[in-house]
Amino acid sequence: MTKREYIIELIRLTKLQAEALEKEEVEEFIGLLDKRQEVLELIQTLHEQYPESREQHEEELINELKALDAKNRIEFERQFEAVKEKLREVRQMKAREACYSNPYDIAREEGMFFDKRGPR
C-alpha cells in the first residue's frame, strides 16, 4: 500500500471511531484506536524507507484526518468527564448510604457523664 492509501484508511477508521462515540461503544472505540495505531506504525515505516516530501493531495488528506481526530478527541473527553462525574456521584451516594444505613449504630460508642459535685 502507498502512504496515501494508508492515510485514507486512517480517515476511514477515524470516521468509524466517531460512529462508535455516537453509540457510546467504548470497547469498539478502543479497538479502532488500536487499529489506527497499527496503520500509523506502517506509515512511519514507509516514511523511514522513503522520506520523500509530501504531495499536495496527502496534505489535504492529513488536514481532513486532523479535523476528524480533533472532533473525536473533544467528544471522547466530554464522555469521559460525564463518566467521571457519574462515578463521583455513586461514591458520594455510597458514603451517604453508609452514614444513614443505621444511625443508631453509634450507641456502642456512647459515654456517661458523672456529676462530681453531688446533689443540690
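The values are calculated or read from the model by the stated rules, or taken from the named source; none is laboratory data. In this text, all values refer to a predicted model and were calculated from it rather than measured experimentally. Cβ placement follows ideal geometry from the backbone for every residue including glycine, while neighbour counts extend to all protein chains displayed.
All but one of (1) surrounded by 14 or more Cβ atoms within 10 Å (Cβ to Cβ); (2) over 24 Å from Phe80 (Cβ atoms) hold for Tyr50; which doesn't?
(1)
Of everything in the stretch 53-62 that's surrounded by 10 or more Cβ atoms within 10 Å (Cβ to Cβ) and outside any loop (DSSP other than H, G, I, E, B), which residue is nearest to the chain's Cα centre (by Cα)?
That would be Ile62.
Mind checking which residues of the stretch 33-85 are of a type in the set (A, V, I, L, M, F, W, C) and within 14 Å of Ile8 (Cβ to Cβ)?
Val39, Leu40, Leu42, Ile43, Leu46, Leu61, Ile62, Leu65, Leu68
Of all residues in the stretch 1-24 being outside any helix (DSSP H, G or I) and modelled with pLDDT under 90, which is farthest from Ile62 (Cα to Cα)?
This residue is Glu24.
Is one or more of the residues making up the stretch 96-111 aromatic (Phe, Trp, Tyr), modelled with pLDDT under 90, out of contact with any strand residue (DSSP E or B) (no Cβ under 7 Å at 6 or more places or on another chain) and in a loop (DSSP other than H, G, I, E, B)?
no
Considering the stretch 12-29 alone, what residues qualify as being of a type outside the set (Lys, Arg) and within 16 Å of Ala70 (Cα to Cα)?
Leu13, Thr14, Leu16, Gln17, Ala18, Glu19, Ala20, Leu21, Glu22, Phe29
Filter the stretch 25-35 down to residues that are part of a helix (DSSP H, G or I) and surrounded by 13 or more Cβ atoms within 10 Å (Cβ to Cβ) and give me whichever is nearest to the chain's Cα centre (by Cα).
The residue in question is Val26.
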